[in-house]
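Heads up, the thing below is written out as C-alpha cells.
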Amino acid sequence: MNAVVSLLERTVSASVALEVTIPESHPSAALLGTRRHGSGILFDNFGLVVTANYVTLGARNVSVHSVDGRRWTGRPILQDFRRGFAVVAIQETARFPALALDKVGSLKAGDPVFLLAAGADNSRRVHDGVVSAIEPFDAYWEYHTDHAVFTTAPSPGFGGGALIDRRGVVCGLVLLEVAEIGRFTLAIPLDDLALHREELLQRQGVQQPARGWLGVFCYSVSHHVVIGGVIPGSPADTGGLKSGDVVLMVGDERIQDRGSLYQLIWRHKPGDRLQLRVYRNNAIVPLTLEVGDVDAFFA
C-alpha cells in the first residue's frame, strides 16, 4: 500500500490542468469552441508538457495549473496532427517535477495501468484498470494509429491525461472515451516523443513529410464510407463534398471502409488533385478536390 501511495504522490505532482483561449477567427473555434480545458503531464524538468492536440489547437493563451495551485504561462511548440498530441512549453524558469516516457511496446494486454487527469476546480482524478487490447484504430476525423491502447479504466477527467504503468512511467496519452464494455478509454502512443526528446528540447520539432488532407468527418457503414460533415473552408468543403455523400471511388479504387479512404488521401501531397465519385440523391456525382495540408490550414 505504501508503494502505491508513493507512486500516486510522485505522478500526481507532474500532472497539470490546462486552460486555453482560442480566437473566434481560428478554423478550430467553430468545432471545438474558444475556451477549452484539458489535462497534461510534465515530461521534462525544464517545463515541457504533453497534452492532446485538440486542447491547444489555435491557442492564443495557455494557462498551466499545478495540483498545488501554482499557475504558469504556456506556449505550444509542437502540434502533431498525425499522432494526436501537442507539446506546451512553460515560459517561467523553474525545475518542474516530471515523469519518464516509454514506448507503447512496453505494454501488453492484461497489464495493470492507471489513468491520471485533471478535473473541474483543478482537482486530480485517478482511475485504474488493465490494458484490454493494443490494436489499430481509425477515427472519424482523418486519424489512424497502428497501436491504440484500450483500457478497462474509465476516463477520470479532461482529455490529455496520462496512461501510466506500474513503474510510474507514461506509456500513452488518453485521447477518447470509447465507452464500450471492457474498452472504456483509448490512449495513443507517445513513441515519437520518447524517441525524439532531444529534438523537442531544442525546439526543433519532429520533421515529417507533408501528406494530404481533405477535412472530412466520416463513418464506415455496411462496407461504405459516409461523409458525416466537412470542416468549413477545408478542401472537402471547397471541392463540393457534402454531409450524407457516400464515397464510392477515389481515382480508380473502390472505397469500402474508412481506413482505405484515409490511406488513399495520405498517398497524395498537398496541392495534388483527387478524383472522387460519390453517391448523392440517387445519382453518382464526380468531384475533383485539391488536396490540402492540415498543418497549414490550422496554423
- Item | Single residue of Leu57, Leu48, Leu101, Leu116 found to be farther than 30 Å from Trp213 by Cβ and buried (at least 16 other Cβ atoms within 10 Å of the Cβ) | Leu116
- Message: Every residue in region 151-162 that is free of Cβ contacts under 8 Å to residues at least 40 places away in the same chain and either crowded, with 21+ Cβ neighbours inside 10 Å or outside the structural domain of Asp111 (by TED's automatic domain parsing) (or both), please.
- Response: Thr151
- Checklist (1) assigned to a strand (DSSP E or B); (2) small (Gly, Ala, Ser); (3) closer than 29 Å to Glu9 by Cβ applied to Gly160, failing item: (1)
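Looking for whichever is touching a Lys or Arg at 6+ places or on another chain (Cβ under 6 Å) and of a type in the set (Gly, Ala, Ser) here; the options are Ser243, Ser220. Which one fits? Outline the logic, then answer.
On the way: Ser243 fails: touching a Lys or Arg at 6+ places or on another chain (Cβ under 6 Å).
Just a single option satisfies the conditions, and that option is Ser220.
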- Message: Looking for something assigned to a loop (DSSP other than H, G, I, E, B), in contact with a Leu (Cβ under 8 Å, 6 or more places away or on another chain) and in contact (Cβ under 8 Å) with a residue 40 or more places away in the chain - is there at least one such residue anywhere in region 141-149?
- Response: yes
- Please list, ordered by first then second residue, the pairs with beta carbon atoms under 6 Å, 6 or more apart or interchain, first in region 193-205 and outside the structural domain of Ala162 (by TED's automatic domain parsing) and under 12 Å from Leu48 (Cα atoms), second assigned to a helix (DSSP H, G or I) and at pLDDT 60 or above. none
- Query: What residue, of Ala118, Ala52, is at pLDDT 95 or above, of a type in the set (A, V, I, L, M) and assigned by TED's automatic domain parsing to the domain that holds His147?
  - Reply: Ala118
- Message: With the requirement that a residue be in contact (Cβ under 8 Å) with a residue 60 or more places away in the chain and either within 19 Å of Leu7 (Cα to Cα) or β-branched (Val, Ile, Thr) (or both), what does region 103-113 give you?
- Response: Val104, Ser106, Leu107
- Query: Looking at (1) over 25 Å from Glu24 (Cα atoms); (2) modelled with pLDDT under 95, can you tell me which one Gly84 breaks?
  - Reply: (1)
- Do we have any residue at all in region 124-140 that's among the aromatic types (Phe, Trp, Tyr) and touching a residue at least 60 places away in the same chain (Cβ under 8 Å)? yes
- Message: Can you tell me which condition Thr73 does not meet? The list is (1) of a type in the set (S, T, N, Q); (2) free of Cβ contacts under 8 Å to residues at least 24 places away in the same chain; (3) surrounded by 18 or more Cβ atoms within 10 Å (Cβ to Cβ), and all the others hold.
- Response: (3)
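The values are calculated or read from the model by the stated rules, or taken from the named source; none is laboratory data. Computed from a predicted structure; not experimentally measured. Cβ coordinates were reconstructed from backbone atoms using ideal geometry, including for glycine residues, and neighbour counts include every protein chain displayed.
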